[in-house]
Amino acid sequence: VVEAYKQGLRPAVGYELNPWLLCLSNYRAWKAGYRGKVSFLKKDLWKVNLSDCYNVIVFLAPSVKPPLAAKLLAELPDEARVVAGRFPFPSWTPTSTLGQGLEQAWAYDMKEVRRVAQSSTEGSPV
């Protein structure tokens, strides 16, 4: 979230349910000099409406990616970009990638993800 803010993304908000990780995130933001500029909220990502988000950064386990992909497809606007750290979305083709190994990140433009998803469903027999 701090890095997103440094890159000019506003607002920079993180969601976390684990109180220890929430506290650690706020502490690290404070220590880096970003207190009051970034926010970490104790909210369940599955219950948050993401329809007004244009930049989403996720760092989650592979098992969570398929249901999260469905949520993002349903809620994010076409202009949104999703960046996944460490693990890619298995059914999406990235627009770009950066890094390698444990430091790799994948970027997905929702308009392109939807276009590919739509063209693959149109080509499948019903």
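The values are calculated or read from the model by the stated rules, or taken from the named source; none is laboratory data. Just so you know, these numbers come straight off a predicted model, no measurement behind them. Here the Cβ positions follow ideal geometry from the backbone for every residue, glycine too, while neighbour counts run over all protein chains shown. Protein only, heavy atoms only, side chains kept; ligands, DNA and RNA dropped before computing areas. Shrake-Rupley method; radii C 1.70, N 1.55, O 1.52, S 1.80 Å.
Pairs meeting the criteria (first residue in the stretch 4-18 and in contact (Cβ under 8 Å) with a residue 40 or more places away in the chain, second residue of a type outside the set (K, R), beta carbons under 7 Å, at least 6 apart or on different chains) are A4/A12; A4/N55; A4/I57; L9/N55.
Condition check for E103 on (1) surrounded by fewer than 11 Cβ atoms within 10 Å (Cβ to Cβ); (2) modelled with pLDDT of 95 or more; (3) within 20 Å of E3 (Cα to Cα): one failure, at (2).
Residue count for the stretch 43-69 under the criterion of being exposed (fewer than 11 other Cβ atoms within 10 Å of the Cβ) and either in contact with a helix residue (DSSP H, G or I) (Cβ under 9 Å, 6 or more places away or on another chain) or more than 16 Å from N18 (Cβ to Cβ) (or both): the result is 5.
Filtering the stretch 12-38 down to residues that are assigned to a loop (DSSP other than H, G, I, E, B) and touching a helix residue (DSSP H, G or I) at 6+ places or on another chain (Cβ under 8 Å), which residue is most open to solvent (accessible area, probe 1.4 Å)?
Step one: list which residues in the stretch 12-38 are assigned to a loop (DSSP other than H, G, I, E, B), which gives 12, 16-18, 32-34, 36-37.
Keeping just the survivors that are touching a helix residue (DSSP H, G or I) at 6+ places or on another chain (Cβ under 8 Å) gives 12, 16, 32, 34, 37.
Numbers: A12: 8, E16: 55, A32: 57, Y34: 47, K37: 106 Å².
If we take residues in the stretch 12-38 being assigned to a loop (DSSP other than H, G, I, E, B) and touching a helix residue (DSSP H, G or I) at 6+ places or on another chain (Cβ under 8 Å), then K37 is most open to solvent (accessible area, probe 1.4 Å).
Every residue in the stretch 74-89 that is open to solvent by 40 Å² or more (accessible area, probe 1.4 Å) and part of a strand (DSSP E or B), please. Matches in the stretch 74-89: R81, V83.
Residues checked against (1) assigned to a helix (DSSP H, G or I); (2) within 21 Å of A12 (Cα to Cα); (3) of a type in the set (D, E); (4) touching a Lys or Arg at 6+ places or on another chain (Cβ under 8 Å):
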{"residue": "C53", "(1), (2), (3), (4)": "no, yes, no, no"}
{"residue": "S63", "(1), (2), (3), (4)": "yes, no, no, no"}
{"residue": "L72", "(1), (2), (3), (4)": "yes, yes, no, no"}
{"residue": "S91", "(1), (2), (3), (4)": "no, no, no, no"}
{"residue": "L102", "(1), (2), (3), (4)": "yes, no, no, yes"}
{"residue": "W106", "(1), (2), (3), (4)": "no, yes, no, no"}
{"residue": "S120", "(1), (2), (3), (4)": "yes, no, no, no"}
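Summed over the stretch 1-29, the residues that are touching a Gly at 6+ places or on another chain (Cβ under 9 Å) and not aliphatic (A, V, I, L, M) give a count of 1.
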